[in-house]
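A short write-up of the structure that comes next.
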Amino acid sequence: MTTQNSNKVVDAQVAFASPPTSDEFCREAVVDTDASAHAKSAEIFSHNRRFIPGGVVSVNRAVQPEIVFVKGQGAHIWDADGNQYIDYHAAFAPHFLGHNDPYVTDAVISVLRNGASLYGSGTTKLEGQLAELICRHVPAVESVQFLNTGSEATSQAIRLARGVTGRDHIIVMQGGYNGWHDDVSCNLMTPLVVIGPRVSPGEYPYIPISAGIPRKHQELVHPVNFNDLESVEYVCQKYSIAALITEPILQNIGIVKPEAGYLEGLRQLADRCGFILILDEVKTGFRHGIGGYAKIAGVTPDLVVFGKAMANGYPIAALGGKKELMDWFVHPDPSKRVLLAGTYNAHPVPTAAAIATIERLLMNGGEVYRHVESLGQKMQEGLEKIFLTLGIEAVVARQGSAFCIYFMDHCPKDWHDLAGHHDFGFDEELRRKLIKLGTYFFPVAAKQCSISFAHTTEDIEATLEQIQNQLSEMLR
Ligand SMILES: Cc1ncc(COP(=O)(O)O)c(C=O)c1O
(Lines give C-alpha, C1' and ligand atoms only; values in the text may rest on other atoms or scores of the structure.)
Protein backbone atom coordinates (compact mmCIF):
# COMPACT_ATOMS: atom_id res chain seq x y z
CA MET A 1 0.00 0.00 0.00
CA THR A 2 1.32 3.41 -0.92
CA THR A 3 -0.18 6.33 0.89
CA GLN A 4 1.12 9.65 2.06
CA ASN A 5 -0.28 11.41 5.10
CA SER A 6 -1.64 14.53 3.56
CA ASN A 7 -1.61 13.66 -0.05
CA LYS A 8 -3.02 10.26 -0.91
CA VAL A 9 -1.22 8.48 -3.70
CA VAL A 10 -2.71 5.47 -5.44
CA ASP A 11 0.21 3.28 -6.33
CA ALA A 12 0.72 2.98 -10.03
CA GLN A 13 0.38 -0.78 -10.06
CA VAL A 14 -2.93 -0.53 -8.25
CA ALA A 15 -3.99 2.35 -10.41
CA PHE A 16 -3.70 0.00 -13.34
CA ALA A 17 -4.88 -3.14 -11.73
CA SER A 18 -6.92 -3.10 -8.59
CA PRO A 19 -10.57 -3.96 -8.28
CA PRO A 20 -11.76 -0.44 -7.57
CA THR A 21 -14.45 -1.35 -5.11
CA SER A 22 -11.86 -2.50 -2.59
CA ASP A 23 -11.37 0.00 0.21
CA GLU A 24 -7.78 -1.14 0.57
CA PHE A 25 -5.40 0.47 -1.89
CA CYS A 26 -3.26 -2.61 -2.16
CA ARG A 27 -4.16 -5.76 -4.02
CA GLU A 28 -3.02 -9.08 -2.69
CA ALA A 29 0.13 -10.44 -4.25
CA VAL A 30 -0.87 -13.16 -6.67
CA VAL A 31 1.32 -16.21 -6.38
CA ASP A 32 2.39 -17.81 -9.63
CA THR A 33 0.69 -21.17 -9.34
CA ASP A 34 2.52 -22.39 -12.40
CA ALA A 35 6.04 -21.63 -11.15
CA SER A 36 7.62 -24.71 -12.73
CA ALA A 37 6.66 -23.43 -16.19
CA HIS A 38 8.55 -20.20 -15.52
CA ALA A 39 11.68 -21.36 -13.71
CA LYS A 40 14.11 -19.60 -16.06
CA SER A 41 12.01 -16.44 -15.97
CA ALA A 42 12.21 -16.52 -12.17
CA GLU A 43 15.99 -16.81 -12.33
CA ILE A 44 16.29 -13.80 -14.62
CA PHE A 45 13.91 -11.77 -12.46
CA SER A 46 15.88 -12.54 -9.35
CA HIS A 47 19.13 -11.49 -11.10
CA ASN A 48 17.55 -8.26 -12.34
CA ARG A 49 16.11 -7.40 -8.92
CA ARG A 50 19.65 -7.11 -7.62
CA PHE A 51 20.35 -4.21 -9.97
CA ILE A 52 16.99 -2.73 -10.98
CA PRO A 53 14.35 -1.61 -8.44
CA GLY A 54 11.61 -4.21 -8.76
CA GLY A 55 13.64 -5.97 -11.45
CA VAL A 56 11.81 -4.30 -14.34
CA VAL A 57 12.20 -0.92 -16.03
CA SER A 58 8.55 0.12 -16.42
CA VAL A 59 6.30 -0.35 -13.42
CA ASN A 60 3.38 -1.09 -15.73
CA ARG A 61 5.18 -4.28 -16.79
CA ALA A 62 5.35 -5.58 -13.24
CA VAL A 63 2.58 -8.19 -13.29
CA GLN A 64 1.92 -11.73 -12.18
CA PRO A 65 2.83 -14.23 -13.47
CA GLU A 66 6.35 -12.86 -13.91
CA ILE A 67 7.44 -13.97 -17.36
CA VAL A 68 10.61 -13.04 -19.21
CA PHE A 69 10.01 -12.92 -22.94
CA VAL A 70 12.91 -13.58 -25.27
CA LYS A 71 11.48 -13.51 -28.78
CA GLY A 72 8.59 -12.08 -30.78
CA GLN A 73 7.65 -12.96 -34.33
CA GLY A 74 4.37 -12.11 -36.01
CA ALA A 75 1.48 -12.82 -33.63
CA HIS A 76 3.58 -14.94 -31.27
CA ILE A 77 5.96 -14.42 -28.36
CA TRP A 78 8.24 -16.91 -26.60
CA ASP A 79 9.46 -16.87 -23.02
CA ALA A 80 12.80 -17.86 -21.47
CA ASP A 81 11.44 -21.31 -20.62
CA GLY A 82 10.51 -22.03 -24.23
CA ASN A 83 6.75 -21.49 -23.84
CA GLN A 84 5.02 -19.98 -26.86
CA TYR A 85 2.02 -17.64 -26.66
CA ILE A 86 -0.45 -16.06 -29.09
CA ASP A 87 0.08 -12.43 -28.14
CA TYR A 88 -2.88 -10.10 -27.59
CA HIS A 89 -0.96 -7.66 -25.40
CA ALA A 90 1.31 -6.38 -28.17
CA ALA A 91 3.50 -4.55 -25.64
CA PHE A 92 0.60 -2.22 -24.68
CA ALA A 93 -0.47 -2.02 -28.34
CA PRO A 94 2.32 -0.77 -30.63
CA HIS A 95 2.77 -4.04 -32.54
CA PHE A 96 -0.06 -3.49 -34.99
CA LEU A 97 1.62 -5.27 -37.92
CA GLY A 98 2.94 -8.00 -35.62
CA HIS A 99 6.31 -8.49 -33.95
CA ASN A 100 9.35 -7.97 -36.17
CA ASP A 101 7.36 -7.20 -39.29
CA PRO A 102 9.76 -7.93 -42.18
CA TYR A 103 8.95 -4.73 -44.12
CA VAL A 104 9.71 -2.56 -41.09
CA THR A 105 12.76 -4.57 -40.09
CA ASP A 106 14.21 -4.25 -43.60
CA ALA A 107 13.70 -0.48 -43.55
CA VAL A 108 15.54 -0.22 -40.23
CA ILE A 109 18.44 -2.42 -41.38
CA SER A 110 18.65 -0.47 -44.59
CA VAL A 111 19.04 2.97 -42.97
CA LEU A 112 21.73 1.61 -40.68
CA ARG A 113 23.57 -0.09 -43.58
CA ASN A 114 23.39 3.17 -45.53
CA GLY A 115 25.34 4.96 -42.84
CA ALA A 116 22.49 6.76 -41.11
CA SER A 117 23.40 7.90 -37.64
CA LEU A 118 22.10 10.30 -35.06
CA TYR A 119 23.80 13.40 -36.47
CA GLY A 120 22.12 15.72 -33.99
CA SER A 121 22.71 18.74 -36.15
CA GLY A 122 20.41 20.23 -38.74
CA THR A 123 17.42 18.48 -40.22
CA THR A 124 17.34 15.15 -42.10
CA LYS A 125 15.59 13.94 -45.22
CA LEU A 126 14.01 11.12 -43.24
CA GLU A 127 12.25 13.42 -40.75
CA GLY A 128 10.89 15.53 -43.61
CA GLN A 129 9.67 12.39 -45.37
CA LEU A 130 7.84 11.17 -42.28
CA ALA A 131 6.36 14.62 -41.61
CA GLU A 132 5.05 14.83 -45.18
CA LEU A 133 3.48 11.35 -44.95
CA ILE A 134 1.63 12.27 -41.76
CA CYS A 135 0.49 15.69 -42.99
CA ARG A 136 -0.81 14.11 -46.21
CA HIS A 137 -2.78 11.36 -44.53
CA VAL A 138 -3.97 12.78 -41.21
CA PRO A 139 -6.55 15.54 -41.74
CA ALA A 140 -5.96 17.02 -38.27
CA VAL A 141 -2.25 17.55 -38.93
CA GLU A 142 -1.01 20.54 -40.92
CA SER A 143 2.38 20.59 -39.23
CA VAL A 144 4.12 18.05 -37.01
CA GLN A 145 7.02 17.51 -34.60
CA PHE A 146 8.60 14.26 -33.42
CA LEU A 147 9.51 13.04 -29.96
CA ASN A 148 10.44 9.66 -28.53
CA THR A 149 7.47 8.67 -26.38
CA GLY A 150 3.79 9.34 -25.96
CA SER A 151 4.44 10.97 -22.58
CA GLU A 152 6.89 13.45 -24.08
CA ALA A 153 4.39 14.31 -26.77
CA THR A 154 1.42 14.84 -24.42
CA SER A 155 3.64 16.92 -22.14
CA GLN A 156 4.68 19.14 -25.06
CA ALA A 157 1.08 19.40 -26.29
CA ILE A 158 -0.06 20.68 -22.89
CA ARG A 159 2.86 23.09 -22.66
CA LEU A 160 2.05 24.40 -26.14
CA ALA A 161 -1.61 24.87 -25.17
CA ARG A 162 -0.59 26.82 -22.07
CA GLY A 163 1.84 28.92 -24.08
CA VAL A 164 -0.73 29.78 -26.72
CA THR A 165 -3.65 30.51 -24.39
CA GLY A 166 -1.70 32.06 -21.52
CA ARG A 167 -3.85 29.91 -19.18
CA ASP A 168 -2.69 27.26 -16.70
CA HIS A 169 -5.57 24.89 -15.92
CA ILE A 170 -6.30 21.70 -17.84
CA ILE A 171 -9.06 19.09 -17.96
CA VAL A 172 -8.24 15.37 -17.98
CA MET A 173 -10.43 12.27 -18.02
CA GLN A 174 -11.12 9.99 -15.09
CA GLY A 175 -10.06 6.60 -16.51
CA GLY A 176 -7.81 8.12 -19.17
CA TYR A 177 -4.04 7.65 -19.38
CA ASN A 178 -1.85 10.19 -21.13
CA GLY A 179 1.60 9.38 -19.77
CA TRP A 180 3.72 9.66 -16.66
CA HIS A 181 4.31 13.42 -16.23
CA ASP A 182 2.87 15.63 -13.50
CA ASP A 183 -0.13 16.97 -15.43
CA VAL A 184 -1.56 13.56 -16.22
CA SER A 185 -0.26 11.01 -13.66
CA CYS A 186 -3.62 10.78 -12.01
CA ASN A 187 -7.14 9.32 -11.90
CA LEU A 188 -6.75 6.17 -13.92
CA MET A 189 -8.34 3.13 -12.28
CA THR A 190 -9.12 5.04 -9.11
CA PRO A 191 -10.98 2.92 -6.54
CA LEU A 192 -14.53 4.26 -6.15
CA VAL A 193 -14.07 4.56 -2.39
CA VAL A 194 -11.29 7.04 -3.11
CA ILE A 195 -12.84 9.00 -5.95
CA GLY A 196 -16.36 9.01 -4.54
CA PRO A 197 -19.67 8.64 -6.36
CA ARG A 198 -20.39 10.07 -9.80
CA VAL A 199 -20.71 13.85 -9.89
CA SER A 200 -22.19 15.63 -12.87
CA PRO A 201 -21.84 18.45 -13.44
CA GLY A 202 -18.70 18.61 -11.32
CA GLU A 203 -15.11 17.49 -11.08
CA TYR A 204 -13.18 14.82 -9.19
CA PRO A 205 -10.20 15.37 -6.93
CA TYR A 206 -6.78 14.89 -8.52
CA ILE A 207 -5.67 11.44 -7.28
CA PRO A 208 -1.96 11.09 -8.11
CA ILE A 209 -0.58 7.74 -9.22
CA SER A 210 2.90 8.91 -8.33
CA ALA A 211 4.52 10.53 -5.33
CA GLY A 212 6.44 13.72 -5.98
CA ILE A 213 3.82 15.74 -7.83
CA PRO A 214 3.71 19.23 -6.30
CA ARG A 215 0.36 19.98 -4.65
CA LYS A 216 0.26 23.37 -6.35
CA HIS A 217 0.55 21.63 -9.69
CA GLN A 218 -2.27 19.23 -8.89
CA GLU A 219 -4.57 22.23 -8.35
CA LEU A 220 -4.22 23.02 -12.06
CA VAL A 221 -5.61 19.68 -13.20
CA HIS A 222 -9.35 18.92 -13.26
CA PRO A 223 -10.49 15.31 -13.81
CA VAL A 224 -14.02 14.77 -15.14
CA ASN A 225 -15.72 11.66 -16.44
CA PHE A 226 -15.64 10.69 -20.13
CA ASN A 227 -18.90 11.28 -22.04
CA ASP A 228 -19.85 14.08 -19.65
CA LEU A 229 -20.05 17.39 -21.50
CA GLU A 230 -21.88 19.13 -18.64
CA SER A 231 -18.89 18.65 -16.36
CA VAL A 232 -16.51 20.07 -18.96
CA GLU A 233 -18.73 23.14 -19.20
CA TYR A 234 -18.93 23.39 -15.40
CA VAL A 235 -15.14 23.30 -15.03
CA CYS A 236 -14.71 25.87 -17.81
CA GLN A 237 -16.99 28.26 -15.92
CA LYS A 238 -14.91 27.92 -12.75
CA TYR A 239 -11.36 28.04 -14.13
CA SER A 240 -9.43 29.48 -17.00
CA ILE A 241 -8.84 26.30 -19.02
CA ALA A 242 -5.89 26.05 -21.41
CA ALA A 243 -6.57 22.56 -22.72
CA LEU A 244 -8.64 19.44 -22.47
CA ILE A 245 -6.72 16.26 -23.20
CA THR A 246 -8.47 12.98 -23.82
CA GLU A 247 -8.11 9.73 -25.68
CA PRO A 248 -10.96 9.68 -28.22
CA ILE A 249 -11.72 6.14 -26.99
CA LEU A 250 -10.57 5.36 -23.44
CA GLN A 251 -8.25 2.46 -24.24
CA ASN A 252 -6.41 2.18 -20.95
CA ILE A 253 -9.51 0.85 -19.21
CA GLY A 254 -10.44 -1.48 -22.05
CA ILE A 255 -12.51 0.08 -24.83
CA VAL A 256 -14.78 2.87 -23.61
CA LYS A 257 -16.24 4.58 -26.65
CA PRO A 258 -17.47 8.14 -27.04
CA GLU A 259 -21.25 8.41 -27.17
CA ALA A 260 -22.81 9.96 -30.26
CA GLY A 261 -22.13 13.70 -30.24
CA TYR A 262 -19.58 13.63 -27.40
CA LEU A 263 -16.43 14.43 -29.40
CA GLU A 264 -18.37 16.98 -31.46
CA GLY A 265 -19.56 18.49 -28.16
CA LEU A 266 -15.97 18.79 -26.95
CA ARG A 267 -15.07 20.55 -30.20
CA GLN A 268 -17.93 23.04 -29.69
CA LEU A 269 -17.00 23.67 -26.05
CA ALA A 270 -13.37 24.21 -27.04
CA ASP A 271 -14.46 26.82 -29.57
CA ARG A 272 -16.87 28.47 -27.14
CA CYS A 273 -14.62 28.46 -24.06
CA GLY A 274 -11.33 29.03 -25.88
CA PHE A 275 -9.42 25.95 -24.75
CA ILE A 276 -7.20 23.81 -26.96
CA LEU A 277 -8.69 20.39 -27.72
CA ILE A 278 -5.91 17.80 -27.58
CA LEU A 279 -6.78 14.30 -28.77
CA ASP A 280 -4.37 11.73 -27.40
CA GLU A 281 -4.29 9.17 -30.22
CA VAL A 282 -1.25 7.33 -28.85
CA LYS A 283 -3.32 4.14 -28.74
CA THR A 284 -6.06 4.83 -31.28
CA GLY A 285 -3.87 6.48 -33.94
CA PHE A 286 -2.91 4.37 -36.97
CA ARG A 287 -4.49 1.29 -35.29
CA HIS A 288 -8.04 2.35 -36.17
CA GLY A 289 -7.21 4.11 -39.41
CA ILE A 290 -4.51 6.20 -41.03
CA GLY A 291 -6.26 9.46 -40.22
CA GLY A 292 -6.64 8.57 -36.55
CA TYR A 293 -9.93 8.08 -34.73
CA ALA A 294 -10.54 11.82 -35.23
CA LYS A 295 -11.04 11.16 -38.94
CA ILE A 296 -13.45 8.30 -38.24
CA ALA A 297 -15.40 10.55 -35.85
CA GLY A 298 -15.27 13.52 -38.21
CA VAL A 299 -13.92 15.80 -35.50
CA THR A 300 -10.86 17.99 -35.88
CA PRO A 301 -8.83 18.54 -32.72
CA ASP A 302 -6.51 21.53 -32.36
CA LEU A 303 -3.60 19.26 -31.48
CA VAL A 304 -3.19 15.51 -31.78
CA VAL A 305 -0.61 13.12 -30.40
CA PHE A 306 0.47 9.78 -31.88
CA GLY A 307 2.85 7.02 -30.75
CA LYS A 308 2.75 3.23 -30.45
CA ALA A 309 1.26 1.75 -33.68
CA MET A 310 2.80 4.59 -35.69
CA ALA A 311 6.14 2.74 -35.81
CA ASN A 312 5.09 -0.83 -34.97
CA GLY A 313 7.09 -1.01 -31.73
CA TYR A 314 9.94 1.45 -32.33
CA PRO A 315 10.17 4.44 -29.96
CA ILE A 316 8.81 7.52 -31.68
CA ALA A 317 5.87 9.85 -31.10
CA ALA A 318 4.36 12.73 -33.04
CA LEU A 319 2.69 15.94 -31.98
CA GLY A 320 0.80 17.68 -34.75
CA GLY A 321 -2.11 19.96 -35.45
CA LYS A 322 -3.03 23.36 -36.71
CA LYS A 323 -0.08 25.17 -38.21
CA GLU A 324 -0.88 28.44 -36.45
CA LEU A 325 -0.51 26.61 -33.10
CA MET A 326 2.51 24.49 -34.06
CA ASP A 327 4.30 27.65 -35.19
CA TRP A 328 4.52 28.75 -31.55
CA PHE A 329 7.50 26.37 -31.36
CA VAL A 330 9.31 28.90 -33.56
CA HIS A 331 7.49 32.05 -32.47
CA PRO A 332 9.47 35.14 -33.49
CA ASP A 333 8.88 36.61 -30.02
CA PRO A 334 11.18 34.66 -27.65
CA SER A 335 8.85 35.34 -24.72
CA LYS A 336 6.10 33.43 -26.54
CA ARG A 337 8.24 30.69 -28.07
CA VAL A 338 7.52 27.22 -26.65
CA LEU A 339 10.62 25.10 -26.14
CA LEU A 340 10.69 21.78 -27.93
CA ALA A 341 14.00 19.93 -27.91
CA GLY A 342 15.35 16.42 -27.57
CA THR A 343 18.68 14.77 -28.29
CA TYR A 344 17.03 11.72 -29.80
CA ASN A 345 14.04 13.33 -31.55
CA ALA A 346 13.52 11.67 -34.97
CA HIS A 347 16.39 9.25 -34.48
CA PRO A 348 16.86 7.56 -37.88
CA VAL A 349 15.99 4.06 -36.65
CA PRO A 350 12.48 4.77 -35.32
CA THR A 351 11.93 7.35 -38.06
CA ALA A 352 12.62 4.76 -40.75
CA ALA A 353 10.41 2.30 -38.86
CA ALA A 354 7.56 4.84 -38.79
CA ILE A 355 7.84 5.58 -42.51
CA ALA A 356 7.84 1.86 -43.32
CA THR A 357 4.90 1.19 -41.00
CA ILE A 358 2.78 3.93 -42.57
CA GLU A 359 3.75 2.78 -46.08
CA ARG A 360 2.69 -0.74 -45.11
CA LEU A 361 -0.63 0.53 -43.78
CA LEU A 362 -1.28 2.33 -47.06
CA MET A 363 -0.58 -0.73 -49.26
CA ASN A 364 -3.21 -2.66 -51.24
CA GLY A 365 -6.06 -0.29 -50.52
CA GLY A 366 -5.98 -0.80 -46.75
CA GLU A 367 -5.57 -4.61 -46.63
CA VAL A 368 -4.16 -4.36 -43.09
CA TYR A 369 -7.35 -2.72 -41.82
CA ARG A 370 -9.62 -5.15 -43.68
CA HIS A 371 -7.74 -8.13 -42.23
CA VAL A 372 -7.79 -6.96 -38.61
CA GLU A 373 -11.44 -5.89 -38.85
CA SER A 374 -12.41 -9.33 -40.10
CA LEU A 375 -10.44 -11.04 -37.30
CA GLY A 376 -11.84 -8.61 -34.73
CA GLN A 377 -15.37 -9.39 -35.88
CA LYS A 378 -14.65 -13.13 -35.70
CA MET A 379 -13.33 -12.73 -32.17
CA GLN A 380 -16.32 -10.66 -31.07
CA GLU A 381 -18.92 -12.98 -32.61
CA GLY A 382 -17.15 -16.04 -31.21
CA LEU A 383 -16.99 -14.57 -27.72
CA GLU A 384 -20.63 -13.46 -27.79
CA LYS A 385 -21.66 -16.98 -28.81
CA ILE A 386 -19.64 -18.47 -25.94
CA PHE A 387 -21.24 -16.10 -23.39
CA LEU A 388 -24.70 -16.97 -24.69
CA THR A 389 -24.06 -20.72 -24.65
CA LEU A 390 -22.61 -20.67 -21.14
CA GLY A 391 -25.10 -18.14 -19.79
CA ILE A 392 -22.39 -15.68 -18.76
CA GLU A 393 -23.23 -12.02 -18.33
CA ALA A 394 -20.53 -10.40 -20.45
CA VAL A 395 -20.11 -8.02 -23.39
CA VAL A 396 -17.37 -7.34 -25.91
CA ALA A 397 -16.41 -3.73 -26.56
CA ARG A 398 -14.44 -3.45 -29.78
CA GLN A 399 -13.02 -0.99 -32.25
CA GLY A 400 -11.44 -2.82 -35.18
CA SER A 401 -8.45 -4.75 -33.86
CA ALA A 402 -8.81 -3.61 -30.23
CA PHE A 403 -11.25 -5.29 -27.89
CA CYS A 404 -12.05 -5.90 -24.26
CA ILE A 405 -14.36 -8.32 -22.49
CA TYR A 406 -16.39 -6.78 -19.68
CA PHE A 407 -18.14 -9.10 -17.27
CA MET A 408 -21.22 -6.89 -16.97
CA ASP A 409 -24.44 -6.49 -18.94
CA HIS A 410 -23.52 -3.44 -21.05
CA CYS A 411 -20.49 -1.68 -22.47
CA PRO A 412 -19.32 0.96 -19.99
CA LYS A 413 -19.65 4.64 -20.80
CA ASP A 414 -17.15 5.90 -18.21
CA TRP A 415 -14.98 4.81 -15.29
CA HIS A 416 -17.76 4.90 -12.67
CA ASP A 417 -19.94 2.70 -14.86
CA LEU A 418 -17.09 0.23 -15.42
CA ALA A 419 -15.84 0.21 -11.83
CA GLY A 420 -19.34 -0.26 -10.46
CA HIS A 421 -20.31 -3.20 -12.66
CA HIS A 422 -17.34 -5.15 -14.07
CA ASP A 423 -16.25 -8.37 -12.34
CA PHE A 424 -12.52 -7.59 -12.03
CA GLY A 425 -11.65 -10.79 -10.16
CA PHE A 426 -13.27 -13.08 -12.74
CA ASP A 427 -11.56 -11.15 -15.56
CA GLU A 428 -8.09 -11.50 -14.00
CA GLU A 429 -8.63 -15.16 -13.25
CA LEU A 430 -9.55 -15.86 -16.88
CA ARG A 431 -6.50 -13.95 -18.13
CA ARG A 432 -4.12 -15.95 -15.89
CA LYS A 433 -5.67 -19.24 -16.94
CA LEU A 434 -5.29 -18.35 -20.62
CA ILE A 435 -1.62 -17.53 -20.12
CA LYS A 436 -1.08 -21.06 -18.84
CA LEU A 437 -2.62 -22.37 -22.06
CA GLY A 438 -0.50 -20.18 -24.33
CA THR A 439 -2.71 -17.14 -24.97
CA TYR A 440 -1.22 -13.93 -23.63
CA PHE A 441 -3.94 -11.53 -22.46
CA PHE A 442 -2.21 -8.97 -20.21
CA PRO A 443 -2.98 -10.25 -16.70
CA VAL A 444 -4.65 -7.10 -15.43
CA ALA A 445 -8.42 -6.74 -15.51
CA ALA A 446 -10.04 -4.43 -18.06
CA LYS A 447 -6.94 -3.99 -20.18
CA GLN A 448 -7.31 -3.77 -23.94
CA CYS A 449 -6.51 -6.79 -26.12
CA SER A 450 -4.91 -6.11 -29.50
CA ILE A 451 -5.10 -8.14 -32.69
CA SER A 452 -2.34 -7.57 -35.24
CA PHE A 453 -2.07 -7.95 -39.01
CA ALA A 454 0.05 -11.05 -38.34
CA HIS A 455 -2.75 -12.88 -36.49
CA THR A 456 -4.54 -15.55 -38.48
CA THR A 457 -8.02 -17.04 -38.40
CA GLU A 458 -6.42 -20.12 -36.79
CA ASP A 459 -5.01 -17.95 -33.97
CA ILE A 460 -8.45 -16.50 -33.27
CA GLU A 461 -10.11 -19.94 -33.38
CA ALA A 462 -7.51 -21.41 -31.02
CA THR A 463 -8.03 -18.55 -28.58
CA LEU A 464 -11.82 -18.88 -28.71
CA GLU A 465 -11.58 -22.58 -27.99
CA GLN A 466 -9.34 -21.94 -24.99
CA ILE A 467 -11.67 -19.25 -23.67
CA GLN A 468 -14.70 -21.52 -24.02
CA ASN A 469 -12.94 -24.34 -22.15
CA GLN A 470 -11.63 -22.08 -19.40
CA LEU A 471 -14.93 -20.34 -18.81
CA SER A 472 -16.75 -23.69 -18.63
CA GLU A 473 -14.22 -24.84 -16.05
CA MET A 474 -14.47 -21.61 -14.05
CA LEU A 475 -18.26 -21.95 -13.89
CA ARG A 476 -18.04 -25.50 -12.58
C1 LIG B 1 -3.28 6.99 -24.62
C2 LIG B 1 -1.85 7.05 -24.16
N3 LIG B 1 -1.22 8.24 -24.11
C4 LIG B 1 0.06 8.35 -23.73
C5 LIG B 1 0.77 7.24 -23.34
C6 LIG B 1 2.20 7.38 -22.92
O7 LIG B 1 3.01 6.86 -23.91
P8 LIG B 1 4.50 6.35 -23.55
O9 LIG B 1 4.34 5.14 -22.70
O10 LIG B 1 5.09 6.07 -24.89
O11 LIG B 1 5.16 7.47 -22.84
C12 LIG B 1 0.17 5.98 -23.36
C13 LIG B 1 0.89 4.77 -22.95
O14 LIG B 1 0.33 3.72 -22.73
C15 LIG B 1 -1.19 5.88 -23.77
O16 LIG B 1 -1.85 4.71 -23.80
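Rg ratio for region 73-231: its Cα radius of gyration over 2.2 N^0.38 Å, N being its residue count, equals 1.37.
Counted over all Cα-Cα pairs of region 144-219, pairs farther apart than 22 Å make up 27 percent.
Between His47 and Asp271, the modelled labels are 5.9 nm apart [label points 7 Å from Cα along Cα→Cβ].
Among the listed pairs Lys308/Lys433; Lys308/Lys447; Lys413/Lys447; Lys238/Lys413; Lys125/Lys295, those with a Cα-Cα distance over 21 Å are Lys308/Lys433; Lys238/Lys413; Lys125/Lys295.
Derived scalar couplings between HN and Hα for region 99-113 equal 5, 6, 4, x, 5, 6, 4, 4, 4, 5, 4, 5, 5, 5, 5 Hz in order, rounded to whole Hz, by the Karplus curve 6.51 cos²θ - 1.76 cosθ + 1.60 (θ = phi - 60°), x for Gly and Pro.
The Cα trace of region 309-389 gives Rg and Dmax of 20.2, 66 Å, the first to one decimal, the second as a whole number. Label-to-label distance, Glu233 versus Ser121, with points set 7 angstrom from Cα along the beta-carbon direction: 5.7 nm. Relative to the current alpha-carbon distance between Val199 and Thr456, full extension at 0.36 nm per residue lengthens the span by 88.1 nm. A Stokes-Einstein calculation at 25 °C with viscosity 0.890 mPa s, built on the Kirkwood radius of region 342-471 over Cα pairs, returns a diffusion coefficient of 149 µm²/s. Each eigenvalue of the Cα gyration tensor of region 258-343, multiplied by 5 and square-rooted, gives one semi-axis; in descending order these are 24, 21, 8 Å. Given a Förster distance of 45 angstrom, what is the FRET efficiency for Glu324 paired with Arg113, based on the Cβ-Cβ distance and rounded to 0.05? Calculated value: 0.65. With kT/(6 pi eta Rh) evaluated at 10 °C and eta = 1.306 mPa s, and Rh the Kirkwood radius from Cα pairs, region 35-92 diffuses with a coefficient of 132 µm²/s according to Stokes-Einstein.
The overall shape of region 156-278 is rounded: from the C-alpha gyration tensor, with semi-axes ordered a ≥ b ≥ c, the ratio a/c is less than 1.5.
With Cα atoms as the point set, the radius of gyration and Dmax of the chain evaluate to 21.8, 70 Å. The spacing between region 179-239 and region 267-327, judged by their C-alpha centroids, is 21 Å. Using the Karplus relation 6.51 cos²θ - 1.76 cosθ + 1.60 with θ = phi - 60°, the per-residue 3J(HN,Hα) values for region 235-250 come to 5, 5, 6, 8, 10, 8, 8, 7, 7, 10, 10, 8, 6, x, 10, 6 Hz, with x marking Gly and Pro. Using a Förster distance of 45 Å, how high is the FRET efficiency between Val57 and Glu264, based on the Cβ-Cβ distance and rounded to 0.05? Efficiency computed from Cβ-Cβ geometry: 0.65. Expressed as a whole percent, the accessible area of the chain that falls on carbon and sulfur atoms is 51 (1.4 Å probe).
Run the numbers for Arg476 and Ser335: contour at 0.36 nm per residue of separation, minus the present Cα-Cα distance, in nm.
Full extension of this stretch gives 44.0 nm more.
All C-alpha to C-alpha distances of region 406-476, sorted into 10 Å bins beginning at zero, yield P(r) values of 18, 46, 31, 5 percent in whole numbers.
Remark: region 383-476 carries 36 Å² of accessible area per residue (probe radius 1.4 Å; ligands, DNA and RNA excluded).
The values are calculated or read from the model by the stated rules, or taken from the named source; none is laboratory data. Quick caveat: nothing in here was measured; it's all calculated off a predicted structure. Cβ sites come from the backbone with ideal geometry, for glycine too, and all protein chains shown count toward neighbours. Each accessible area value is taken on the protein alone, full model and side chains, heavy atoms only, with ligands, DNA and RNA left out. Shrake-Rupley method; radii C 1.70, N 1.55, O 1.52, S 1.80 Å.
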